[in-house]
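Inspection log for the structure reproduced underneath, given as structure tokens.
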Amino acid sequence: MDDTILEARKIRISFGGFVAVKDVDLKIKRGSIHAIIGPNGAGKTTLFNLLTKFHRPTSGQILFNGQDITSRKPAEIAKLGIVRSFQISAVFPHLTALENVRVALQRKLGMNYHFWRSQKILRQLDAEAMARLEQVGLQDFAHTRAVEMPYGRKRALEIATTLGLEPELMLLDEPTQGMGTEDVGTVTELIRKVREGRTIVMVEHNLGVVSTLADTITVLNRGEVLAEGPYEVVSKNPQVMEAYMGVSAEEAEGTDA
């Protein structure tokens, strides 16, 4: 099997006269954690929206497992095994953690998201829902409403519901945004734990998280790929230091000397 699970070929998108993503080539290796970083306005979120089909490219092609998904809709690619999380936690606030995961699992019984199903039918999913919660360390929050959970735990719950959809490819949009140091560490370890058997693409601003987790990093600037490679290589690239870290190329070269 080809080790490329997701590929973008010369994808571009324009809004009016503004080109937000410019002919980007991207290959995501199966089983890897691939991070997309860059300064504000670099085009990270727009690229993410293209990969998850919330935007359709003006030109170019996107392939998943060799299949052209360029014209597919988000719901269609979810059925193929691509599931995305968002910057803001997207759980049902007044359902318990167990109930949130159970909603994601309903697809297995061929009932999709039918909230009016009897409790007897839905309880068939309780054991698996609890297993998903245990996977992300939330077993003690099973009967806690999401609205009452700490922010970091809500993000863990979102990952648990994502796992309930059994994705082959998880796309995480700023998974640690707005978190304190303790929650960042918790979610970082959680991502490391759930990567087994799947591929993860993440947009992330926290370089500490990226350096810890990512096998490959793609750096965007002004809608174009500025650099790509492991953190050890990308972090020393003078152009990256100038664009992303505010250090000029000359200063970077002087430091290396």
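Below, the figures for the structure above:
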item	result
The one condition in (1) without any contact (Cβ under 8 Å) to a residue 24 or more places away in the chain; (2) touching a strand residue (DSSP E or B) at 6+ places or on another chain (Cβ under 7 Å) that Gln67 fails to fulfil	(2)
First in the range 123-135 and among the small types (Gly, Ala, Ser), second anywhere and modelled with pLDDT under 90 and part of a helix (DSSP H, G or I), Cβ under 7 Å, 6 or more apart	Ala129/Arg102; Ala129/Leu105
Condition check for Thr52: touching a residue at least 40 places away in the same chain (Cβ under 8 Å) and within 18 Å of Val19 (Cα to Cα)	no
Long-range neighbours under 6 Å by Cβ, at least six apart or interchain, first residue within 22 Å of Phe48 (Cβ to Cβ) and assigned by TED's automatic domain parsing to the domain that holds Ile37 within the range 183-204, second hydrophobic (A, V, I, L, M, F, W, C) and part of a loop (DSSP other than H, G, I, E, B)	Leu190/Val136
Members of the range 89-108 found to be modelled with pLDDT of 90 or more, out of contact with any Gly (no Cβ under 9 Å at 6 or more places or on another chain) and over 7 Å from Ala146 (Cβ atoms), listed by number	His94, Thr96, Leu98, Glu99
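Okay, residues lined up against (1) under 16 Å from the mean Cα position of the chain (by Cα); (2) over 18 Å from Ala35 (Cβ atoms); (3) at pLDDT 90 or above:
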{"residue": "Ile159", "(1), (2), (3)": "yes, no, no"}
{"residue": "Leu171", "(1), (2), (3)": "yes, no, yes"}
{"residue": "Asp183", "(1), (2), (3)": "no, yes, no"}
{"residue": "Gly197", "(1), (2), (3)": "yes, yes, no"}
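The values are calculated or read from the model by the stated rules, or taken from the named source; none is laboratory data. The shown structure was predicted, so the numbers you read here are calculated from the model rather than taken from an experiment. Note: ideal-geometry Cβ built from the backbone for every residue, glycine included; neighbour counts use all protein chains shown.
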